[in-house]
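K.L.:
Can you read through this structure? Questions will come right after.
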Amino acid sequence: MSFTDTDLGADALQRMLKGTGRATVRVGILSDSPHQERDGASGALSVAEIAAVHEFGAPAVNVPQRSFIRATVDAEAAEIQRLQETLFAQVIDGGITEAQALELIGAKVAAMMQARIASNVPPPLKPETVERKGSSVALVDTGQLKSSLTWQVEG
């Protein structure tokens, strides 16, 4: 009796999988750059601080919560999961690297967050805020917050 062991790529797949799973992707406002006011002057708060105020609200100064990070991830969880599964399958097949997959996920989720901002996150602005800004779209004044959404692959 003889026995033949045919690998069919299992060893290579196992070696490849050992190297994955250490990297992550962060999505959001990742730099602490100064917030620019409409007149071009630097504001007292950074863009990250402005984002936190809107994301969580600031009841002490009458700013309601207008989540654009957590709410996007919650609302788009199924789509993000499908994207992860599709891209992970491509990593396993050798079509793309783990870093490439994470870059694609980061870009897509950042775009989802930007789209949420553009959709006019509730609650509606107060009439005096609309008059001051000249617009009824919440979270958009100079566009800096929306354009500051980015991603970074780490690890």
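The values are calculated or read from the model by the stated rules, or taken from the named source; none is laboratory data. Predicted model, so just to flag it, every value in this text is computed and none were measured. Glycine gets a Cβ as well: all are built from the backbone with ideal geometry, and neighbour counts include every protein chain shown. Just the protein is used for accessible areas: all its heavy atoms, side chains included, with ligands, DNA and RNA removed. Shrake-Rupley method; radii C 1.70, N 1.55, O 1.52, S 1.80 Å.
K.L.:
Filter the range 116-141 for residues that are under 19 Å from the mean Cα position of the chain (by Cα) and outside any loop (DSSP other than H, G, I, E, B); which is surrounded by the fewest Cβ atoms within 10 Å (Cβ to Cβ)?
P.N.:
Ala118
K.L.:
A follow-up question, please. Could you look through the range 23-47, keep only residues that are touching a residue at least 24 places away in the same chain (Cβ under 8 Å) and among the hydrophobic types (A, V, I, L, M, F, W, C), and pick out the one that is nearest to Thr142 (Cα to Cα)?
P.N.:
Val47
K.L.:
Condition (residue is open to solvent by less than 70 Å² (accessible area, probe 1.4 Å), in contact (Cβ under 8 Å) with a residue 60 or more places away in the chain and more than 18 Å from the chain's Cα centre (by Cα)) applied to the range 95-115: is it met by at least one residue?
P.N.:
Within the range 95-115 (the criterion being open to solvent by less than 70 Å² (accessible area, probe 1.4 Å), in contact (Cβ under 8 Å) with a residue 60 or more places away in the chain and more than 18 Å from the chain's Cα centre (by Cα)), the answer is no, since none of the residues qualifies.
K.L.:
When the range 54-78 is examined, which residues are found to be touching a helix residue (DSSP H, G or I) at 6+ places or on another chain (Cβ under 8 Å), open to solvent by less than 50 Å² (accessible area, probe 1.4 Å) and among the aliphatic types (A, V, I, L, M)?
P.N.:
Passing the criteria: Val63, Ile69, Ala71.
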